[in-house]
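Participant: Here it is, the structure, as C-alpha cells.
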C-alpha cells in the first residue's frame, strides 16, 4: 500500500513535468503547425539556468523559475522570428532547422556548463516533507504537482476562454480569414511561440528538481514528448495533461514492476493508443 | 557523309551523362591511391554515407515522405554483421551483406506498414518512434551487446573467401566503391523507371495521382521497402569499417545525416545526395583536425544554412553548371 501510494505520488509529479515539457511543443505543433524539435533543448537551457541560479549563486527558487522561463522564452522567440517564421507549413524544413538548433544549443551548453551530469537538486525552500498519518510526501513533489496544475489551468483558460486563444484556434483553421479581419497573426504567432518556449524553460527549472540535468537532454526528451503527444493528442492542453500524467504513471509503475523493461512500457502505451484512437485520447481529429 | 553519320553518335556520347560519370569515376578510382591511409578511411566513410543518403533520397527526395527513422535500416544492417561476428564467428561478406539486405527489408516491411497508415507530421513522429524502439532494444538486450559495454566491438573486416587475402584501407575502399557504384546504378534505374516517375508524381500531387488511378499507398510502401536494403548495406559496410557498433547507430542523429546530405546536395537528385554526403563527411574531417569538440555546433549551423540558403541544393547547381557548359559548346539544353 505504501509502495503504491509513493509510486502514485512519484508518477503524478513526474507526469506533471512531462506535461510541462510536452504542452508547449503540443501547442506550437497543434495551433501553429510548427514541429519544433528544439523544444527539449529549451527545457535543457531552463534547467541549466536554474542550476546556476540556485546552486551556484544560491538564490531563490522562484527567481530561478522566472529567469529560466524568460531565458528559454527569449531564445525560442529568436529562433521563431529569425528563422521559423519563413518556414510556415514546411514540415521537413522546420524539422531539419530545429534539429540543427538542438546541436547548436547542446554544444553551447557544453561550452558554458561543461559536459558532466548534474543530479537533481532540491531548492532549499522545498526541502522536507509533509507527514499524513503513516505517509510522508516530499514537499518538492507536491510543489511540482501544484505548479503543473496551475500552468495547466492558466493555459486551458488562455486557450478556451480568451480572445487570444480564439484567434490562435481560428488562425490554425483559416489563416487568411483571420488576417482579413485585420488581426496581425504574426504578432500572435510570435507571442504563442514565446509562451511555449517560456513553459519549456519553466519545465526545465522545475524538472531539474526530479530529473538529472545533462547535455543529451535536448534529444533524449524528444521521445518522451512524442509519447505524451501521441497518447494525449496534438494541440489541446487537456490532451497534454492526460498524456503526461498517463505516461508518467505508466513509466513509474513500469520501473517499479518490471525493472529492465521499463523503456518498453511507454512504447506499449503508444502502440495501444495508436491502434485504438490514432489521433490520441483527446486529440482534435 | 561519314561526318554526318558520326555526329549524332558523338553527340549522344557527350550529351549523355557519361562524361561527368567517367570523370568522377576516374577521380574516385585514381585519387585514393595517392592519399594517406587515414584519408582513404574518410573516403570510405564518404562512400558509405553516400549509399545511405541516396537510399534516403528515394523516399525523401523522390517520393516526398519525410521519415525521421531511416537509421532503423542503417542500424539493422550494422547489427546483422555485428551479431554474426559476435555470436556466430561469421565474417563472410557473402553471408553478411545478403543477410543485412534481408533483415533491413523485413524491418521496412513491418515499419512501413505501421507508419504509412498516417501521413505528414504523424508519419514523421511514428518513423522516429519506431527507430527509437530499435534503439532501446539494442540498448537493453544483453545479447545485442559485447560483455560490459554498450554496443558490439571487435567486428573484423569481412572475409571474401579468398585464401591468404589481407585487407588494407585502400582495398576496403575499393570494395566499398564497387558496392556504392552498384547501389547508385540500381537506384538510378529505379528512379528513371515508370515506377520512379510515379513516385515523383505522388510527391508533386498525391490526389492527382489517385485520380489517375494509381494506388499511391502501394507506391509509397514499395518505395519505402526498396530504399531500406540500401541503407542496410550502408550500415553493414559502416560496421565493418568502424569495427564497432553502438545503439546510437539507430539514433535520431543518424537519421538526420542522410536528410541533411540530401538537402544540401539537392533533394530528388541521387547525384546531389552524393555531393551532400561528400560535403558533410569532409567538413567533419576538417573540423576534427582543427576543433573536434565544436563539430556538433558546426553541424547545427550546416543544418540551418542548408535550410535557409541552400534549399535547391549544391549538387543540383553542379548539374546545371554542366548543362550550361554543354550548351556553350553547342549542344541543346534539356
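The values are calculated or read from the model by the stated rules, or taken from the named source; none is laboratory data. Computed from a prediction, not measured in an experiment: that's the story for all the values here. Using ideal geometry, Cβ is built from the backbone for each residue, glycine included, and neighbour counts are taken over all protein chains shown.
Participant: Return yes when residue A:130 is more than 10 Å from chain B (Cβ to nearest Cβ), in contact with a helix residue (DSSP H, G or I) (Cβ under 9 Å, 6 or more places away or on another chain), surrounded by fewer than 16 Cβ atoms within 10 Å (Cβ to Cβ) and free of Cβ contacts under 8 Å to residues at least 40 places away in the same chain and no when it is not.
Facilitator: Working: more than 10 Å from chain B (Cβ to nearest Cβ): yes; in contact with a helix residue (DSSP H, G or I) (Cβ under 9 Å, 6 or more places away or on another chain): yes; surrounded by fewer than 16 Cβ atoms within 10 Å (Cβ to Cβ): yes; free of Cβ contacts under 8 Å to residues at least 40 places away in the same chain: yes.
In short, yes.
Participant: List every residue pair whose Cβ atoms lie under 9 Å apart, where the two residues are 6 or more positions apart in sequence or sit on different chains, the first residue falls within region A:18-43 and is on the phi > 0 side of the Ramachandran plot, and the second residue, located anywhere, is in a helix (DSSP H, G or I).
Facilitator: A:33/A:91; A:33/A:94; A:33/A:172; A:33/B:121
Participant: Looking for whichever is over 11 Å from the mean Cα position of the chain (by Cα) and at pLDDT 90 or above here; the options are B:299, B:237, B:252. Which one fits?
Facilitator: On the way: B:299 fails: at pLDDT 90 or above; B:252 fails: at pLDDT 90 or above.
From the options B:299, B:237, B:252, the qualifying one is B:237.
Participant: Separate question: Does residue B:200 qualify as being touching a helix residue (DSSP H, G or I) at 6+ places or on another chain (Cβ under 7 Å), surrounded by fewer than 17 Cβ atoms within 10 Å (Cβ to Cβ) and under 22 Å from residue B:127 (Cβ atoms)?
Facilitator: Details: touching a helix residue (DSSP H, G or I) at 6+ places or on another chain (Cβ under 7 Å): yes; surrounded by fewer than 17 Cβ atoms within 10 Å (Cβ to Cβ): yes; under 22 Å from residue B:127 (Cβ atoms): yes.
It is true that residue B:200 is touching a helix residue (DSSP H, G or I) at 6+ places or on another chain (Cβ under 7 Å), surrounded by fewer than 17 Cβ atoms within 10 Å (Cβ to Cβ) and under 22 Å from residue B:127 (Cβ atoms).
Participant: Still on this structure, I have one more. In this structure, is residue B:125 surrounded by 16 or more Cβ atoms within 10 Å (Cβ to Cβ), touching a residue at least 24 places away in the same chain (Cβ under 8 Å), farther than 25 Å from residue B:277 by Cα and within 14 Å of chain A (Cβ to nearest Cβ)?
Facilitator: Details: surrounded by 16 or more Cβ atoms within 10 Å (Cβ to Cβ): yes; touching a residue at least 24 places away in the same chain (Cβ under 8 Å): yes; farther than 25 Å from residue B:277 by Cα: no; within 14 Å of chain A (Cβ to nearest Cβ): yes.
No; evaluated as a whole, the condition is false for this residue.
Conditions (1) in contact with a helix residue (DSSP H, G or I) (Cβ under 9 Å, 6 or more places away or on another chain); (2) away from every other protein chain (no Cβ under 12 Å); (3) crowded, with 18+ Cβ neighbours inside 10 Å, marked per residue:
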{"site": "B:251", "(1), (2), (3)": "yes, no, yes"}
{"site": "B:260", "(1), (2), (3)": "yes, no, yes"}
{"site": "B:318", "(1), (2), (3)": "yes, yes, no"}
{"site": "B:327", "(1), (2), (3)": "no, yes, no"}
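Participant: In the same structural domain as residue B:225 (by TED's automatic domain parsing), surrounded by fewer than 18 Cβ atoms within 10 Å (Cβ to Cβ) and in contact (Cβ under 8 Å) with a residue 60 or more places away in the chain: does that describe residue B:109? Can you show your working first?
Facilitator: On the way: in the same structural domain as residue B:225 (by TED's automatic domain parsing): yes; surrounded by fewer than 18 Cβ atoms within 10 Å (Cβ to Cβ): yes; in contact (Cβ under 8 Å) with a residue 60 or more places away in the chain: yes.
Considered against the rule, which asks whether it is in the same structural domain as residue B:225 (by TED's automatic domain parsing), surrounded by fewer than 18 Cβ atoms within 10 Å (Cβ to Cβ) and in contact (Cβ under 8 Å) with a residue 60 or more places away in the chain, residue B:109 comes out as yes.
Participant: Spot the failing condition for residue A:90; the list is (1) within 14 Å of chain B (Cβ to nearest Cβ); (2) in contact with a strand residue (DSSP E or B) (Cβ under 8 Å, 6 or more places away or on another chain), and only one is missed.
Facilitator: Status for residue A:90: all satisfied but (2).
Participant: Also, quick follow-up: Is it the case that some residue within region A:54-73 is under 30 Å from residue B:263 (Cβ atoms) and modelled with pLDDT of 90 or more?
Facilitator: yes
Participant: I'm checking my understanding of the structure. Among residues of region B:262-271 that are within 13 Å of chain A (Cβ to nearest Cβ) and either more than 24 Å from residue B:130 (Cβ to Cβ) or modelled with pLDDT of 90 or more (or both), which one is surrounded by the most Cβ atoms within 10 Å (Cβ to Cβ)? Quick ask: steps written out before the conclusion?
Facilitator: Of all residues in region B:262-271, those within 13 Å of chain A (Cβ to nearest Cβ) come to B:262-264, B:267-268.
Applying the additional criterion that residues be either more than 24 Å from residue B:130 (Cβ to Cβ) or modelled with pLDDT of 90 or more (or both) yields B:264, B:268.
Numbers: B:264: 28, B:268: 21.
Of everything passing the filter in region B:262-271, B:264 is surrounded by the most Cβ atoms within 10 Å (Cβ to Cβ).
Participant: Which of the residues spanning region A:228-238 are facing another protein chain (nearest Cβ under 10 Å) and either under 12 Å from the mean Cα position of the chain (by Cα) or in a loop (DSSP other than H, G, I, E, B) (or both)? Before you say what the answer is, go through the steps one by one.
Facilitator: Taking region A:228-238 and keeping what is facing another protein chain (nearest Cβ under 10 Å), we get A:229-230, A:234.
The answer is A:229, A:234.
Participant: Do we have residue B:81 as more than 25 Å from residue B:273 (Cα to Cα), surrounded by 23 or more Cβ atoms within 10 Å (Cβ to Cβ) and assigned by TED's automatic domain parsing to the domain that holds residue B:197 here? Show your work before the answer.
Facilitator: Numbers: more than 25 Å from residue B:273 (Cα to Cα): yes; surrounded by 23 or more Cβ atoms within 10 Å (Cβ to Cβ): yes; assigned by TED's automatic domain parsing to the domain that holds residue B:197: yes.
Criteria met by residue B:81.
Participant: Look through B:221, B:214 and report the one residue that is surrounded by fewer than 21 Cβ atoms within 10 Å (Cβ to Cβ), more than 14 Å from the chain's Cα centre (by Cα) and in a helix (DSSP H, G or I). Lay out the reasoning, then the answer.
Facilitator: Numbers: B:214 fails: in a helix (DSSP H, G or I).
From the options B:221, B:214, the qualifying one is B:221.
Participant: Scanning for something on the phi < 0 side of the Ramachandran plot and either within 14 Å of another protein chain (Cβ to nearest Cβ) or modelled with pLDDT under 85 (or both), does region A:144-151 turn up at least one residue?
Facilitator: So the first thing to find is which residues in region A:144-151 are on the phi < 0 side of the Ramachandran plot, and the list is A:144-151.
Okay, now just the ones that are also either within 14 Å of another protein chain (Cβ to nearest Cβ) or modelled with pLDDT under 85 (or both), so none.
Within region A:144-151, none of the residues are on the phi < 0 side of the Ramachandran plot and either within 14 Å of another protein chain (Cβ to nearest Cβ) or modelled with pLDDT under 85 (or both).
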